[in-house]
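*Asks:* This is the structure, below, for whatever I ask next.
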Amino acid sequence: MSRPILYFIGALLIATALVMAAAARAAKAPALMQANVYEEGIDLTDYWVSEKLDGVRAYWDGQRLLSRNGNVIATPADFTEGFPRQSLDGELWMGRGTFSQLVGILNRRTPPAEPWRHIYFMAFDLPSSAGPFDQRLPRLRKLIDDAALPHLHMVDQRRGRDHATLMRDLEQVVAAGGEGLMLHRGAAPYRGERNDDLLKVKPYLDAEAEVVAVIPGEGKYTGMMGALLVKTPGGRHFRLGTGFSDALRARPPAIGSVVTYKYHGHTRHGLPRFASFLRLREEGPGFTRSSR
């Protein structure tokens, strides 16, 4: 057999091995429950209230830890040792204000043991368990208590009361560095879709947009970025010009990158009102900020 043919066969075998390895790392994206935005007027006694953790959404399928996109999350061998055989919906979390540090650890191909000692899987639901959330919650609590593992915890849940109490709780959480609150309807079954059984409560709204152009600055921002022209998933374009540090204006996000902005409702033209830059999506594939 000639040398070129041998080279071709060798390359083909290597490519096949790489494809198989990638397939082994990937899994079908889990159908996760996702939240809508809270609006005043509902009966809050029907809901459980918890803190909206600033972590990375993760799904334990009984054997592997998956990202919301179905990518297998590489962990040290002892991190998930003893986890229940039952599926768990939750997120990886290191504490308030540590999202970027957490993502940096998750993006490492070989998970280092030391940083993972400070990461916790915070469970908030049992996707495969039948019955309403009121019944799944004590089952989840017993499962976590029986496991008694250092890296497996349960998100604290308490019964809702009224809007005024909810707003006071939100203010306290945000003042302490938290992101917001979550509401989970007690009578709701687990549905792997976005619905009103799960609601997020935040002091502002946020959304993502793609950078399509960098607009040069003027005055004190001459030679730097003045604003970004961004495009929403719905195809609407608008300028994003506030919320940037001088360092980011000197080295602006690349065209095609995705940024998160905060805003307060919409104008009559359907554009975000008082939009301000919040952060650059710096996470790797599948490792996105929790979007419950």
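The values are calculated or read from the model by the stated rules, or taken from the named source; none is laboratory data. Bear in mind the structure is a predicted one, so any value in this text is a computation, not a measurement. For neighbour counting, all protein chains shown are included, and Cβ atoms are generated from backbone atoms with ideal geometry for every residue, glycine included. Side chains included, ligands, DNA and RNA excluded: accessible areas come from the protein's heavy atoms. Shrake-Rupley method; radii C 1.70, N 1.55, O 1.52, S 1.80 Å.
*Asks:* Apply the Karplus parameterisation 6.51 cos²θ - 1.76 cosθ + 1.60, with θ equal to phi minus 60°, to every residue of segment 162-178 and state each ³J(HN,Hα) to the nearest whole Hz, in sequence, with x for glycine and proline.
*Replies:* 8, 5, 4, 5, 4, 5, 5, 4, 4, 4, 5, 5, 5, 4, 8, x, x
*Asks:* Residue 254 versus residue 117, label points 7 Å from Cα toward the beta carbon: distance in nm?
*Replies:* Going by the 7 Å Cα→Cβ label model, 3.6 nm.
*Asks:* Please say if segment 164-215 is rounded, prolate or oblate, where rounded means a/c under 1.5 for a ≥ b ≥ c the square roots of the C-alpha gyration tensor eigenvalues, and otherwise the choice is prolate for a/b larger than b/c and oblate otherwise?
*Replies:* Oblate.
*Asks:* How many lysine pairs are close in the chain, with Cα atoms under 29 Å apart and the two 8 or more places apart or on different chains?
*Replies:* 17
*Asks:* What accessible area per residue, rounded to a whole number of Å², is obtained for the chain using a probe radius of 1.4 Å?
*Replies:* Ligands and nucleic acids excluded, the figure is 53 Å² per residue.
*Asks:* Taking amide H positions as placed in the peptide plane 1.01 Å from N, state which residues far from residue 227 in sequence (5 or more) or on other chains have amide H under 5 Å from it.
*Replies:* Residues meeting the amide H criterion: 215.
*Asks:* Here is a follow-up. Find, among the trypsin sites (Lys or Arg not before Pro) in segment 191-221, those assigned to loop by DSSP (not H, G, I, E, B) with at most 14 other beta-carbon atoms within 10 angstrom.
*Replies:* Qualifying residues, ordered by number: 191.
*Asks:* Skipping prolines and chain starts, which residues have an amide H placed within reach, meaning under 5 Å, of the one on residue 34, given they are 5 or more residues away or on another chain?
*Replies:* 193, 194, 195
*Asks:* Moving on to the next point. Take the Cα atoms of segment 102-257, build their convex hull, and give its volume per residue in Å³.
*Replies:* Per-residue hull volume (Cα only) is 202 Å³.
*Asks:* In nanometres, what is the gap between the two model label sites at residue 39 and residue 100, each 7 Å from Cα along Cα-to-Cβ?
*Replies:* 3.5 nm
*Asks:* Right, another one. Please work out the FRET efficiency for the pair residue 142 and residue 174, using the Cβ-Cβ distance as r and a Förster radius of 45 Å; give the result to the nearest 0.05.
*Replies:* My answer for the efficiency is 0.90.
*Asks:* Related question: Quick one: longest stretch of the chain between exposed loop GluC sites (Glu not before Pro), exposed meaning at most 11 other C-beta atoms within 10 Å and loop per DSSP?
*Replies:* Counting at most 11 other Cβ atoms within 10 Å as exposed, the longest clean stretch of the chain is 82-192.
*Asks:* Let me ask something else about it. Whose amide H sits under 5 Å from the amide H of residue 205, counting only residues 5 or more places off or on another chain, with H placed in the peptide plane?
*Replies:* The list, which skips near neighbours in sequence, is 263, 265.
*Asks:* So, one more: Compute the length gained on full extension between residue 164 and residue 28: take 0.36 nm times their separation in residues and subtract their Cα-Cα distance, giving the result in nm to one decimal.
*Replies:* Gain in length upon complete extension: 44.8 nm.
*Asks:* Carbon-plus-sulfur fraction of the accessible area of the chain, 1.4 Å probe, in percent?
*Replies:* 54 percent
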